[in-house]
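One structure below.
The values are calculated or read from the model by the stated rules, or taken from the named source; none is laboratory data. Given the structure is predicted, the values throughout are model-derived calculations rather than measurements. So basically every Cβ, Gly included, is an ideal-geometry build from the backbone, and we count neighbours across all protein chains shown. Note: areas computed on protein heavy atoms with side chains; ligands, DNA, RNA excluded. Shrake-Rupley method; radii C 1.70, N 1.55, O 1.52, S 1.80 Å.
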Amino acid sequence: IELKCFDPMDSPARYRDYMGTILQRKRVENDFFYHDPATAPRNKEDECVWSAGEEYQMKTRMMMAEKYEYYQFCNECMGSENELPLFGNNV
């Protein structure tokens, strides 16, 4: 298994567009589709971490990387050859 990563903060649509060139679109049947309220459009103004300043955001990212293996992988992967070329800054 070869794991890849990407930065979702700039534009999540770029990942979908990138993968759209690789994966075949599938029709989602309404009977099986479940809309998770957690994925509803966000208002970042209502989220304290986004309005708390850059230092607070950096400390939050560091804490997440120390505590959760998923974020450790992200930190190691970003900027490496395994980062997906979504933004034209990768080889």
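Of the whole protein surface, Asp17 contributes about 90 Å² of accessible area at a 1.4 Å probe radius.
Within the same chain, lysines fewer than 8 places from Lys26 are excluded, and of the rest, those with a Cα less than 28 Å from its Cα are Lys4. The trypsin sites (Lys or Arg not before Pro) of the range 42-88 that DSSP puts in a loop, and whose beta carbon has at most 14 other beta carbons within 10 Å, are Arg42. Rolling a 1.4 Å probe over the protein heavy atoms leaves Thr60 with an accessible area of roughly 40 Å². Each residue was assigned an accessible area with a 1.4 Å probe, and for Met19 the value is about 40 Å².
Considering amide H positions built from the backbone, and no H for Pro or chain starts, which residues 5 or more places from Cys5, or on another chain, come under 5 Å of its amide H? Here the answer is Glu83, Leu84, since their amide H atoms fall under 5 Å of that of Cys5.
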